[in-house]
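Okay, structure first, notes after.
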Amino acid sequence: MAENNVIIITGGASGIGREAAYLLSEAGNAIVVADFNEEGAKETAANIEAQGGKAATFKVDVSKAEEVEAMVNFAVETFGTLNGIFNNAGIGLVKPLLEMDPASYHKVIDVDQHSVYYGIYYGAKKMVELGAKGTIVNTASIYGSMAAKGSFNYNAAKAAVVMMSKSGALELAEHGIRVVGVAPGFIDTPILGEDEEMKKALSALHMHNKLIQPEKVASVVKFLFSEEAAAINGSTVAVDDGFLS
Ligand code: NAI
């Protein structure tokens, strides 16, 4: 995908999504910064506009199908077409399995898994309707392929995201739409919380003994959206500083 495209980024108010918004804007794309956190989304968009880029914000709860559909329609109404979605918004909710009540399970499945289905479904349908080619990138996790204690819900959701990238790619290739994923290690963003001791322990799991900065994931995401990545399809690329190696 070349520049001058229209890309929706969910979770664009913070962390990985915000950095991806900046890099994809610098590459010449118009960005819809979509997030639950309206204020953070507006800040991302304002920073893009201050650099001469094009951005609009959309308040969305990605766990709600109708809101994701409205987000897709908004992108087309605002910028005239749609060439990409970064399905990236997500949450964690850590609990031992024996305390993983249905509400805690479903919360994470709804936000981290069903959101990706909604993004692929409504996004790809719209792109096909418009005859627009493009790319869908989904944020998985190292915990989509490796079990972690307290993460039964998150493990299940992110494993599903890895498979949705493959399955989506298989069906959408004929329409000129690539579907790929990123699987971050531990990234230095607000999702990790404030516990510095825990962050130190997590840092030690990476080969460089530190948390990964969100810009490092964003630069891989930018590459995945680019023409240079045309032969990457269905894969989920690890950005984990050797965590899984
Ligand atoms: P973050 O907390 O900085 O950003 C997540 C964004 O998603 C926030 O702006 C939040 O408002 C938004 N969001 C949450 N629930 C939402 C909903 N229902 N609807 C719309 N927006 C919602 O965290 P980060 O690290 O940038 O997370 C991005 C993605 O990366 C998530 O899918 C996360 O699971 C994944 N990830 C993060 C890792 C990390 O260590 N930070 C590791 C592996 C994966």
Longest site-free stretch - the chain; sites: GluC sites (Glu not before Pro), DSSP loop, at most 16 other Cβ within 10 Å:
4-193
Please compute the length gained on full extension between E174 and A204, using 0.36 nm multiplied by the number of residues separating them and subtracting their Cα-Cα distance.
6.5 nm
Mean Kyte-Doolittle of at least 0.0 plus a Cα span of 27 Å or more along the axis: flag which DSSP H helices in the chain meet both, please.
152-172
Given the C-alpha atoms of the range 73-182, compute the convex hull and give its volume per residue in Å³.
88
Treating every alpha carbon of the range 117-200 as one equal point scatterer without solvent, the Debye formula yields log10 I(q)/I(0) values at q = 0.11, 0.17 Å⁻¹ of -0.39, -0.74
Which value in nm describes the separation of the simple spin-label points at E215 and S145, placed 7 Å from the Cα toward the beta carbon?
2.7
Apply the a/c threshold of 1.5 to the C-alpha gyration tensor of the range 1-62 and tell me whether it is rounded, prolate or oblate.
prolate
So if I place +1 on the C-beta of Lys and Arg and -1 on the C-beta of Asp and Glu, and nothing else carries charge, what would the dipole magnitude of the chain be about its Cα centre? I want it in debye, nearest 20.
460
Given the rule -39500 (n - 2.57) for each run of at least 4 DSSP H residues, summed and divided by the residues of the chain, what is its mean residue ellipticity at 222 nm, to the nearest 500 deg cm²/dmol?
-13500 deg cm²/dmol
If I take every Cα pair under 8 Å that is 6 or more residues apart in the chain, average their sequence separation and divide by the length, what percent do I get for the relative contact order?
20
Semi-axes of the equivalent ellipsoid of the chain: what are they in whole Å, largest first, if each equals the square root of 5 times a C-alpha gyration tensor eigenvalue?
27, 19, 18
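None of the figures in this text is laboratory data; all of them are computed from the coordinates on show. None of these values were measured; they are calculated from a predicted model. Here Cβ is always computed from backbone atoms with ideal geometry, including for glycine, and neighbour counts include all displayed protein chains.
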